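Right, one structure below, let's go through it.
Only the coordinates and a few stated rules stand behind these numbers; no lab work does. If you're wondering where the values come from, they're calculated on a predicted model, not measured in any experiment. Heads up, the Cβs are rebuilt from the backbone with ideal geometry, glycines too, and the neighbour counts pull from every protein chain shown.
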Amino acid sequence: MKRLVTIQDISCFGKCSLTVALPVISAMGVETAVIPTAVLSTHTGSGFSGYTFHDLTSDIPKISAHWKKLGLKFDTIYTGYIGSCEQIEVVKRFIRDFRTDETLVVVDPVMGDAGRMYAGFDAKFVESMHSLCSVADCILPNATEAALLLNKPYDEIAGCESPEELREILRKLTGLGCKNAVFTGACSDPALNGAAAYSALNEDFFIATCENIDGSYHSTGDIFSSVVSGGMTLGMELKTAVELAVNFTHDCIKATQPLREEMFYSVRFEPCLGELAKACEGFIDN
Ligand code: PXL
């Protein structure tokens, strides 16, 4: 059985980060270990204020040391929301300690959405995230994060429509040092939404699309990244994993629409897990 470790916060209410990654990747048939970077009462996105934040940076080296003693090995290390520059350094050390030639390292450079940085992040954090991306095999930024990583205005990145422009953004993102970059929210047609991906290994570029659903839905980035990470861990080609992630994210948004007002904080992914599990069946034990 393939085994992944994901390093990100646990937001106790709000369905994001670990409370999404754990059920989604497990449903895909991948054993999922976790390292919580912080415990928050809710996520920090719009709709919540006054949340608690308990930092767990100092626990990470202790967990790592125990796991080293046990001889644990991971096929994939997947990082999401990280709370501070210091924590990024600790996560980089974990990657150095556990990476082998076969390990896949996926970094979702969680920093913001819709042109705005999440609460608590600044320019120094962007610089640190840059250095984490440089050690990844695959990074998965949205338009806000791509703009921050490339030091470009958000509108320039978000307004990108032509496949040539998307390819150039992705090529520049792999210039950070990672082999593959996937840009979420890519849209070459207003009726469609999806993701564009580029591999610096073979210069392969593609766009995976689905029907566009208007509006902004929190936590869809975490859902998308979890499916790409789980899929690649199962041995899927990047294109297969990205297409699966685009379709699953779309299905979750569709399932949320009737409950939009009460589920302002996330998406209803639970009823979609069965189909996701089925789509992965043929890849398990590959
Ligand atoms: O969904 C990304 C995310 C993860 N973790 C925390 C967040 C957010 C986005 O708001 O606040 C704590």
- Query: Summing Lys, Arg as +1 and Asp, Glu as -1, what charge do residues with Cβ under 13 Å from the Cβ of residue 248 carry, residue 248 excluded?
  - Reply: -2
- Note on the structure: For residue 37, other-chain or 5+-apart residues with amide H closer than 5 Å (H placed, Pro excluded) are 8, 9, 10
- Percent of alpha carbon pairs in segment 132-265 separated by more than 20 Å? 43
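Give the range of the longest stretch in the chain that excludes all trypsin sites (Lys or Arg not before Pro) found in loop regions by DSSP and having at most 13 other beta-carbon atoms within 10 Å. Mind showing how you got there, number by number?
On the way: sites that count: 73, 260.
Answer - 74-259.
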- Query: In percent, what relative contact order does the chain have, based on Cα pairs under 8 Å that are 6 or more apart in sequence?
  - Reply: 18
- Per-residue HN-Hα couplings for segment 32-49, Karplus 6.51 cos²θ - 1.76 cosθ + 1.60 at θ = phi - 60°, whole Hz, x for Gly and Pro? 10, 9, 10, 10, x, 8, 6, 10, 10, 6, 9, 6, 9, x, 5, x, 10, 9
- Message: Let me test this: with uniform point scatterers at the alpha carbons of segment 218-272, what is the Debye-based log₁₀ I(q)/I(0) at q = 0.21, 0.22, 0.26, 0.30 1/Å?
- Response: -0.70, -0.75, -0.93, -1.12
- Message: Name the residue from 173, 154, 256 whose Cα lies farthest towards the positive end of the charge dipole of the chain, charges +1 on Cβ of Lys and Arg and -1 on Cβ of Asp and Glu.
- Response: 173
- Mean residue ellipticity (222 nm) of the chain, computed from DSSP H runs ≥ 4 via -39,500 (n - 2.57), nearest 500: -12000 deg cm²/dmol
- Can you tell me the Rg and the Dmax, both Å, for the Cα atoms in the chain? 17.4, 52
- Message: Test of understanding: express the Cα radius of gyration of segment 189-286 as a ratio to 2.2 N^0.38 Å, with N the residue count.
- Response: 1.12
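Quick check for me: using +1 on Lys/Arg Cβ and -1 on Asp/Glu Cβ, what's the dipole size of segment 4-69 about its Cα centre, in debye to the nearest 20?
On the way: 4 positive and 4 negative charges, 31 e Å.
It works out to roughly 140 debye.
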- The long-range amide H neighbours of residue 152, using H built 1.01 Å from N in the peptide plane and a cut-off of under 5 Å, are none
- Task: Compute the relative contact order of segment 1-141 as a whole-number percentage, counting only Cα pairs closer than 8 Å that sit 6 or more residues apart in sequence.
- Result: 23
- Item | Compactness relative to 2.2 N^0.38 Å, alpha carbon Rg of segment 1-154 | 1.01
- Query: Once you charge only the Cβ atoms, +1 for Lys and Arg and -1 for Asp and Glu, what is the size of the charge dipole of the chain about its Cα centre, to the nearest 20 debye?
  - Reply: 880
- Note on the structure: Ignoring GluC sites (Glu not before Pro) buried by more than 16 other Cβ within 10 Å or outside DSSP loops, the longest site-free run in the chain is 1-101
- If the cut-off is 21 Å between C-alpha atoms, which lysines fall inside it for residue 172, apart from same-chain ones fewer than 8 positions away? 124, 152, 239
- Applied in sequence order to segment 57-62, the curve 6.51 cos²θ - 1.76 cosθ + 1.60 (Karplus, θ = phi - 60°) yields integer Hz couplings, x standing for Gly and Pro, of 3, 6, 6, 4, x, 6
- Note on the structure: GNM on the chain, Cα springs under 10 Å; top mean-square fluctuation among 109, 36, 61 goes to 61
- Note on the structure: Percent antiparallel among DSSP beta bridges confined to segment 1-132, nearest 5, equals 25
